[in-house]
1. With the Cα gyration tensor of segment 464-621 in hand, give its eigenvalues times 5 under a square root as the equivalent ellipsoid semi-axes, listed largest first in whole angstrom.
2. Going down the table (K592/K733; K1040/K1091; K825/K926; K488/K825; K379/K1009), which pairs top 28 Å between alpha carbons?
3. So which GluC sites (Glu not before Pro) in segment 853-930 pass both tests, a DSSP loop state and at most 15 other Cβ atoms within 10 Å of the Cβ?
4. Take the alpha-carbon centre of segment 305-347, take the same for segment 193-270, and report the distance between them in whole Å.
5. Taking N as the number of residues in segment 1076-1119, what is its alpha-carbon radius of gyration divided by 2.2 N^0.38 Å?
6. How big is D for segment 524-581, in µm² s⁻¹ as a whole number, if Stokes-Einstein is applied with the Kirkwood radius of its Cα pairs at 10 °C and 1.306 mPa s?
7. Taking every pair of distinct Cα atoms and averaging 1/r, then inverting, what Kirkwood hydrodynamic radius in Å comes out for segment 391-499?
8. Order of 271-281, 579-589, 603-613, 722-732 by packing, highest average Cβ count within 10 Å first?
Amino acid sequence: MHVPVLAKDSPAIAPPPQALCPSNTTSLPVADPQRPRPGRHRHRRPATAVLVSSIGLLVLSLVALSAAAAHSGLSFFSSTESSPLGCLHDTTCGGMLTHLAASGSWIPRSGLHRLSASPSVVFLTHRDRRATHTAPRLQFSPFSSVSGSGSGSSAASSSFSAGSSSSSSAAMSAASDSGSCPSGILQPLTDERLYRYLTLPSNSLRAVLVSDPSADRAAVAMDVHVGSLADPVTIPGLAHFLEHMLFLGTEKFPDESAYSDYLAKHGGSSNAYTALEHTNYHLDVAPTHLEGAIDRFAQFFTSPLFSASGTERELLAVESENQKNLQSDAWRQFQLERSLASPDHPYFKFSTGNRATLSVVPQSQQIDTRAELLSFYAKHYSSDLMSLCIVGSNSLDELEDWTRKYFSGVPKRESSSRPIYDPEPYPASHLMRKVRVVPVNDQRTMRINWPTFPPTTAENYGARHSWYISHLLGHEGPGSALALLMEKGYATSLSSGSSSSSSSFDILSMSIELTPSGLENADEVAGIIFDYVSLLQRSGPQAWIWDENKLLADMQFKFLEPQNPMSHAIATTSGMQIYQPEDVVAGPYIHKAYDPELITRALESLSPRKAIIFLVSSDFADEASAALSASESEGTSGTSTPTPVGPGTWHKERWYGTQHSVEPFSESLLARLESTTPNPGLALPEPNAFIPTNFDILEPTTSSEMTMYPTLVLDTPRNRLWYKKDNTFNIPKASASFMIRTPLNYATPRFAVATSLLTQLIRDDLTTFSYSASLAGLDYKFDNKLDFLELNLSGYNDRQLVFLESILDRIVNFKINPERFVVLKERLNRALINASRTHPYMLAFRETSRALHKIQFSDHQLRAALIGGEEYRAVESNIPSEVDLTEPGITFEFISSLLPQLLKTFCIDGLIIGNHSTESAVAMAKLVEDKLLSVNAGAPDAGEAYPRPPARTQLILPKAAHYALLQPLADKSETNSALLTTYNFGPSSTDDQSLRLRAAILVIAQIIKSPAFNQLRTKEQLGYVVHSDVSFGSGSAGLKILVQSAVRTPGYIGSRVRAFMRRALVTEFETLSDESFQAYVDAVKALVAEKDKRLGQEAARWWSSIVAGHTFFDQVDHLLAALDSVTKEEVTSLFRTNVVEADSSSSLTIAMVSHVDPVPVVATPTSSTSGDLASPRADGDEAPVEAAHSSVPSSTGASTTSPTLADAYVEPEEDPSVSALGEEITDLSKFRTRFPVYQPPAPRSPGLVLLEKYRTTATSQ
């Protein structure tokens, strides 16, 4: 897998762990998103920052949890336990949700042409039909240069010619201080927006303005070219802390909630992150309220307050954030790598910060943290280091007027400059080291770092040297390093990419997931990697490989589907810090000039003598514990910067306590790594045969190809297909999903885990075949879900049918390799172990889902079925009663005969959406059926259609019934507990009454979101993770509230949640004004009405409806109608009867309980507070979810007077147990038998609804 780094540590890559200011619920330790990650990579632009729609955040928790089990191939959730519409939205790796937007527009067929592999290819844009580029080699230009010009600008203009290269300062000066660039920004063919690049003459602030009249969201982002590398040595984490502080009031808007209230009342949200060299602030809002948002946002950079009370409160928030991350392997290993750098290099620093680094230690050294904040801001927050992007529906002239009005006052500091860091964060004495690491989770990974890799800069980004080398090192095709490692049984996956990069240095990394044999032969694994490096060095740069990468990148950019406005603004501002003005959009893809000398220099940096090898394995735990115990008893425990003294000496990293040992390369290892003998099992990749050549957009010819919603075009007892021709995005792509239902795949724990293992084995076998297709934009997935097998294809439609047939042939003719069976069975067992060691709040969501469904197997049940009851008994001490210890385990013989058993009877439901005709879509569906039938061809009773089972729905709890489940955490070192309470409002389906109930619950969730966060997190400091949202499951509707805490017990948290709900009834509902109520309704409507902005997003929405057992494709329209009629009295009554009053409500509380006693946080004033420890006002401060700074409104509009922190910590009379919240559940299996499953009424369907523009055409036909 190649993980391309697109723009240093910018959000186009996604920020490193310490950079993200995660939300109260979504603050997953986003496993250094910059660095290589296990799993297949589609060679596409990674998603940007963590952007979450305020009504769809629950999806993230569920998707993140599913991601924790992704390696196991198991799905733990109903696909409809997600958004308020019961539809899954798009997600990204590492537990991040991206809500994508920006609508596509019709591209006439004449605007697209065939692509051939001829030496010279010309593409015409659909706008001006001008030839943009004639390629000298195998390539094409996807770029169209479009911008709006206007007479309203008072500045002169400058234009930029593509292909030039200069320094970053030259890039800034290219758009002269007095002017704007009316043309020259390169855009995808699919991007209809108008662009303008300008530099403010008063302060040199650079801005890109984007006008999109069709946008239903507006956005603003500001990137400041300073990050954690600039932290003072005495106050680690100061840049991150400063980012928190900017949200706490400005001189013009001193009310700390003014910014968040304004955004949320107008359907907006906000977020921020701190990276190594960047701090990025961003927001989105309804387009009609953009100017007000800009006004408030601009004050961050001119006149923030940095109040003393806010400083103290945010110290507690940063500390809580740090506590949340202490058991995360991603954070632990990332900081360990930094701690092994030179102590004199800024990369060595602890960038997240905590209460000790930001308050306790500075006070002991007579350092005023608040004064240091002010000094840091005054030094680094300079206009000439800032890049701004505004996306709105307004004209470019109007956007420019606002830019000049609100941002010309941003000061330009005389002392400002872009810092230049030592290009070698690791001195030579810290290289050639092997570091053994003990993880929290059960894993085996080798990671090879080359810290002297040439960084990507403003001068060389067009050469794409990092992309070129990562592409080869991370290749998975025949002859690749991974193919050879898999053949030898040493590895299961491999990834490569630039990590922790900056403008001064870069670290190229490879990550290999090892098998037990791979760990045992780790030196040989490393030897094979360096054999491949040696092959690349001997072969030298290959022009044809660079050309092919250029071709793929150009093709990807040409048909790039738009991001939502906020994502687009973030990516643009970060790109402006490195790319030429004309490349700020195309920069992550553009290949300008083949530079063999730079590639050669980069390859030379991949020397064993310039490498560090990390071996991460739980197998080291006993040795480490024994060594550390001995050293501690002798008073010689390790420090954070250990001296390599050889094997057997173990240390604890300073900030996270990660156990590790450091030793120099042995002579034998170095000799193996430096071997120049060619390895016959390795070769350069062959030319990619999957690159599409036909990009024609099909014209609709039949009524089924002109519809607004999917229509049923194939309907037999065994095979049903819904189909929709893409007439919105008009790109040469398609999505095809097939749900293969069988009676066995989740019938018992044994069949469930065996089917998951089978799908993993099949995917493993397809690795080398499918990798080139994935690079060419043609992807597939094959997974075992709770109720079905799912096969999905996506990407360019040109060769999709042929690719589908090849995938199916390999599935139905698959023969299991006994060695790979052993490897992947062991891998699945580890994944099941690790699934119970994820974040407590994620486990709480999962246990809630298990409790409310009749059948959903636990990790314990699945593990016992996988390895056998006797072996499970031998390795587990606490065995749940639900585990069947008579399970024989999954054998090679059993799984070899599994596929024919599964497919003896089956039925298929499918959805195809995109650039396919009706005929080709039906042909694909029939192909799937025919291939699956061939598995049991000729067998007696084979091929019978499996009667479609009813949709999987949740249990319905009776009124006045309250239950609580206490579940001890498997990870005994985890300091956080989590409490999740679900209030069940009643059954929910597609009928009008259910829709009205959902509409009311959406408004309730919107009303309490900010007050819940403000009270439970900001004021009471119960924990960093606080989240309230809707609970729309399969057949039920309700409300959820979650708190994860290391400072309070679940019982205490439960009592405070109940107290908040009682208080909210009065302060947030009964006293709510009509005007405020309507503002909440309008905000919900805006979010619900947001259009699908990508083909994949639309396909996922339709598909989730089909999976849920209904085809209520027009549910958005019905929900909007329900929102129009919902009343304040109705909402208040529902909240009272279903949440506050115990006699009429019902609830389920799940408590994931830490083995570590909580330690309450005690506020300590900083030296500049003069005793003022004021906490934020009671009615709204920061947002309740999306990030530490996400914005959701408060309802009261009360006084801004802030109570003291002492007022925040009001102890109840007693610390009640969780059982006080309801009847304690002692046996979950028995609990699930007590209640009926909801039986929904017959589903409704919109039928055949033609698009407006085709109604006349269809009538004539």
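1. Equivalent ellipsoid semi-axes, largest first: 31, 19, 16 Å.
2. Table pairs above 28 Å Cα-Cα are K825/K926; K379/K1009.
3. E876, E882
4. If we compute the Cα centre of each part, the gap is 22 Å.
5. Scaled against compact globular proteins, the figure is 1.37.
6. The Stokes-Einstein estimate is 106 µm²/s.
7. That comes to 19.6 Å for segment 391-499.
8. 271-281, 579-589, 722-732, 603-613
Where a number appears in this text, it was derived from the coordinates with a stated rule and is not lab data. All values derive from a computational prediction rather than experimental measurement. Note that each Cβ is placed from the backbone with ideal geometry, even for glycine, and that neighbours are counted across all protein chains shown.
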